Amino acid sequence: MSYAQPWTELLPTDKKSQDLTLYDYKAAFDAYWAPFDVDKGYYWQDGEKKKAGGWKQFLRWYHDMESQVDPSTGAFPKEDVSIVWLFTPPITIPIG
């Protein structure tokens with residue numbers, strides 16, 4: 001099987017996909033790209049500068065998700081924040 005993001009093949013196989021943490025994704029990503037010595041989304045191979053496809057997008061996603069996961073475990077939230085927000089009644093603050 002081929003993957004659009006080949007680094008995902010390095011994700012832990014002893015966990016269900018819903019049990020993977022942000023740190024599992026980061027470890028697999030880092031392990032895949034480590035030999036390429038990526039700098040600002042590019043690497044050199046046989047004297048030719050090549051784009052590290054998906055590298056910048058992953059880092060954007062990772063930095064966005066850092067504030068949304070449990071910092072000690074990297075576990076993702078169990079509920080979708082947008083769904084919780086939809087079903088949360090408005091808060092009224094008395095003035096005066």
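Here, each number is a calculation from the coordinates, and none is a lab measurement. Keep in mind it's a predicted model, so treat the numbers as computed, not measured. Cβ sites come from the backbone with ideal geometry, for glycine too, and all protein chains shown count toward neighbours.
Here are a few things to note about the model shown:
- Degrees between helix 55-66 axis and first principal axis of the chain (Cα, 0 to 90, nearest 10): 30 degrees
- Linear extension gain, residue 17 paired with residue 72, 0.36 nm per residue minus alpha-carbon span: 17.9 nm
- The angle separating the long axis of helix 22-33 from the principal Cα axis of greatest extent in the chain is about 20 degrees.
- When the C-alpha to C-alpha distance is required to be over 29 Å, the pairs from 26/51; 51/78; 26/50 that qualify are 51/78.
- Annotation: peptides 84-92, 56-64, ranked by per-residue average of other Cβ atoms within 10 Å with the highest first, follow the order 56-64, 84-92.
- The lysines within cross-link reach of residue 49, meaning a Cα-to-Cα straight distance under 22 Å and a gap of 8 or more places when in the same chain, are 40.
- Shape annotation for the chain: C-alpha extents along the principal axes are 70, 35, 25 Å, from largest to smallest.
- Placing unit charges on the Cβ atoms only, positive for Lys and Arg and negative for Asp and Glu, gives the chain a dipole magnitude near 260 debye about its Cα centre.
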